[in-house]
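Asker: Let me begin by handing over the structure; questions about it come next.
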Amino acid sequence: MVDGNGAHPPDAMPLLISVFSTPQDNLKLTMKMEILFDALFRRLAKLDAKSIHDPKPEQRKRCHYPIPIIDYKSARLAAIAAFDTIKDR
């Protein structure tokens with residue numbers, strides 16, 4: 001669950017928290033997580049309101065923003081076309 005840079009992805013955090021046995025260890029890890037997420041939100045806060053959902057490639061790289069998984073424009077058009085065929089029946 002460690003990426004190439006040696007950092008844990010966010011979805012690994014709940015598992016890591018449950019591994020530690022003492023409340024002090026859990027507190028230390030929780031504090032580290034807060035620092036990581038704070039840094040992420042600070043990077044995203046630099047994006048304007050329009051770019052937050054679809055940043056330009058250079059903004060994506062700077063903020064470590066993932067590339068889109070779905071092309072929403074083509075998915076929307078395909079859904080509209082599918083509903084139009086059903087509607088005409």
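The values are calculated or read from the model by the stated rules, or taken from the named source; none is laboratory data. Just so you know, these numbers come straight off a predicted model, no measurement behind them. Glycine gets a Cβ as well: all are built from the backbone with ideal geometry, and neighbour counts include every protein chain shown.
Asker: For the range 52-64, which positions are modelled with pLDDT of 80 or more, in a loop (DSSP other than H, G, I, E, B) and either within 14 Å of the chain's Cα centre (by Cα) or assigned by TED's automatic domain parsing to the domain that holds residue 38 (or both)?
Answerer: 54, 55
Asker: Look at the range 27-50 and say how many of its residues are of a type in the set (Phe, Trp, Tyr) and in a loop (DSSP other than H, G, I, E, B).
Answerer: Here the count works out to 0.
Asker: Pairs, please: C-beta under 6 Å, at least 6 apart or cross-chain, first residue among the polar types (S, T, N, Q) and in the range 18-31, second at pLDDT below 75 and not in a helix (DSSP H, G or I)?
Answerer: 26/20
Asker: I need the full set of residues from the range 70-89 which are in a loop (DSSP other than H, G, I, E, B), among the acidic types (Asp, Glu) and farther than 25 Å from residue 53 by Cα, in order please.
Answerer: Residue satisfying the conditions is 88 alone.
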